[in-house]
Every structure is written in structure tokens, then in C-alpha cells.
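Comments concern the structure below.
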Amino acid sequence: MPAGRLMFAVQSEVDRTPTEADPNEQRAISAVKSGDAGSYDYLVSKYMKRVVSIAWGIVRNADDAEDLAQEAFVKAYQTIERFKGGEPFGPWIYRIVTNLALDVLKHRNRFRHEELTDSHPAARGDRADLAAVSNELASRIDAAIQALPEMQRVVARLFLVEHFEHAEIAAMTQLSEGTVRSHLSLARAKLRERLADLYEGSND
Amino acid sequence: MTEDRFFEKLREDAARLRYEPKDAFLWTRLPARIREKIQRPADVSQMLARWFRPIAASFLLLAAGAAVTVSWVERAQSAYAVESIASHPVEISVDGDTFSFTE
């Protein structure tokens, strides 16, 4: 495993640490609420990688993902008064960025016809940004997830790639937990079928 | 392989699909962009919005209070009108006969 990837994995674990275990996060939130905009840097640094990853997973475009991450952090900052003290910041910012990214998908669907007639439709999603796609297994999994219907794909990606739990995904996507499970169940069946040659031979 | 085991294994393998940008400057550019946005002094429309929001909310509250008061006063007045008709008999004369309506 390359060093960069290891560092990213460690960072992701840090990102998922609850606020109670991170007094700095609580202090930063209180300071921002008191008008100290500089303290927001701590929250941005802590969560930006995961926020960008969530956005990218949904919109599959590096520029859009960066813009969405920025928009999500600015929106969270502007409405931080509504944020309840003592609660972790992560789920809140993840929910904001997921909603923004889903809005982008809705917007794209509305103009799908024009997109399909575009001379460079593939430019919409940039797989090249995914370092792991060079790996055959990752590439196959990525393609199989991408081939799923929209909401199954979003939910499957949040569960399989980002390792969120059902309840977290439900909160982020504003679906019920039952609907999330149902999407995942359908996605699992399709993924198993599509990736049969990779997993069926394995006995573990 | 069971369904659950398949999904577990897939979840382990899919973790490597997390986004890693080719652009190494993203992690310095993004915080700078956010900082620039949130520390920028408010423009005229934002300042006006900041002023008008509480004013509009106060007017809304006043309007709601006035509507409740008016409806309460109207209800009280109509109850009084019924009561006053009941307490003052009405007499109608037709062809020399007088008909009296009382409660």
C-alpha cells in the first residue's frame, strides 16, 4: 500500500471520530459561533477529504466535487448558529454535501437530453482522478457500482466505498433506513451478478 | 460465498475507491477558497438581508397578533349582538296584530 493511501486511510479514520472524543472540534465550533471565522479552518481541515470524496462519488467530476465541497462548508458556516452544540460536525457537513450533490444529479437529469447529444459526453465523469482504477479489481468494482440505477449507486457507494452505516446514509440522503436497506439489497444482487467471476471462486 | 460474506468482502475491496485527487494542491486550495468566501465582508444585498430578516419577522409576528386579535374581537361582538337581540324583545305589527319575539 503506498504511503499516500495509508495516510489517507488514517485521515479517514480521524474524520469519523465522534466530536465527544475531540474537544478541539467542540472548541472550534464554539469559537466560530462566537464570530471567530479563523477557527473554522480546523473543521475544514478535518473533514474536507471525506467531504470531497462523498461529493466526487456522487457527481464523478473533480471540479464539481471541489465546488460542492466549498459550497457545503460555506453553507455550514453560514448556518452554524442552528447547529446544536455537543453534536459531531461530521454527519452535519456530510448531509449538506450529499444534498448538494444530489441536487446536481437532479439538475443533470433534467438536462440529460442535451448532455447525451453533447459531442464529449464522457467528459462529465473523470475516472482518471481515481488512482485506484489502475487496479483491475478496483476498476471492475467501480464500473459495476457505476452501472447501478442512480439511488442504488449513491447508497451503495456511501456504504461500500465510504463505509457509512445504514442510519448514517439515511440521515445523509433523507431516505428512511428501510429504503436505504432496500436500495442496498437490490444493489447487492446486481453487484453479485456482475462481479460473479471475481468473487464466486473465492472460498473465504 | 454467502450474500453477507460477498458484501463484506466487496466493502473491504471497494474502500480503495475513495477519492484521491491527482491535483495535490486541492488540499491547500480548498481551505483557501472557503476562507476567502467566509471572511469576505458582506456585500450590500447581504447587509440588507441581515437587516430586513428580523424586521420582516417582527412584522409577520405583529400581523399574526393583529389577525388573532381582530378575529377574537369580531367573535366577541357577534356573541354580544345575539345576546342583545335575545334580551330586547322584538315586536312586529301586522294588520293590527302585534307579534312579540323574545328569548
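Just so it is clear, none of the values below were taken in a lab; they were calculated from the coordinates. Since this is a predicted model, take the numbers as computed values, not measurements. Every residue, glycine as well, gets a Cβ built from its backbone with ideal geometry; the counts of neighbours run over all protein chains shown.
About the centre of its Cα atoms, the range A:30-106 shows a dipole size close to 320 debye [charges on the beta carbon of Lys, Arg (+1) and Asp, Glu (-1) only; nearest 20 debye]. Structure note, pairs A:46/B:22; A:84/B:22; A:46/A:84; A:46/B:9; A:84/A:190: Cα-Cα distances above 30 angstrom occur for A:84/B:22; A:84/A:190. Tell me the trypsin sites (Lys or Arg not before Pro) within the range A:43-93 that lie in a loop according to DSSP and have at most 10 other beta-carbon atoms within 10 Å. Within the range A:43-93, the qualifying trypsin sites (Lys or Arg not before Pro) (loop, at most 10 other Cβ atoms within 10 Å) are A:84. Taking a sphere under 13 Å around the Cβ of residue B:32 and counting the other residues whose Cβ falls inside, with K and R at +1 and D and E at -1, yields a net charge of +2. Counts of other chain beta carbons within 10 angstrom of each beta carbon in peptide B:24-34 average 5.
Run down the lysines and flag those whose C-alpha is under 17 Å from the C-alpha of residue B:37, throwing out any fewer than 8 positions away in its chain. Cross-link targets: A:33, A:75. Averaged over the residues of B:2-10, the number of partner chain Cβ atoms lying within 10 Å of the residue Cβ comes to 5.
Once R0 is set to 25 Å, what does the formula 1/(1 + (r/R0)^6) return for the Cβ-Cβ distance between residue B:23 and residue A:75, expressed as a FRET efficiency to the nearest 0.05? Using R0 = 25 Å, I get an efficiency of 0.60.
Could you work out the local net charge near residue B:46, counting Lys and Arg as +1, Asp and Glu as -1, over the other residues with Cβ closer than 11 Å to its Cβ? Surrounding charge for residue B:46 is +2.
Between residue A:146 and residue B:35, the modelled label-to-label distance comes to 3.5 nm, taking each label 7 Å out from Cα in the direction of the beta carbon.
Computing FRET efficiency as 1/(1 + (r/R0)^6) for residue B:11 and residue A:176, where r is the C-beta to C-beta distance and R0 is 22 Å, gives about 0.50.
Rounded to the nearest 20, the size of the Cβ-charge dipole of the range B:3-101 about its Cα centre is 1520 debye, with Lys and Arg at +1 and Asp and Glu at -1. Put a dot 7 Å past the Cα of residue A:63, heading toward its Cβ, do the same for residue A:111, and the two dots end up 1.2 nm apart.
Only the Cβ atoms of Lys and Arg (+1) and of Asp and Glu (-1) were treated as charged; on that basis the dipole of the range A:130-204 about its Cα centre amounts to roughly 220 debye.
Rounded to the nearest 500, the 222 nm mean residue ellipticity of chain B from helices alone is -24000 deg cm²/dmol, with -39,500 (n - 2.57) taken per DSSP H run of at least 4 residues. Here the Karplus curve 6.51 cos²θ - 1.76 cosθ + 1.60, taken at θ = phi - 60°, turns the phi angles of the range B:47-58 into couplings of 5, 4, 4, 5, 6, 6, 4, x, 5, 4, 5, 5 Hz, with x standing for Gly and Pro. Applying 1/(1 + (r/R0)^6) with r as the Cβ-Cβ distance of residue A:30 and residue B:63 and R0 = 30 angstrom yields a FRET efficiency of 0.25.
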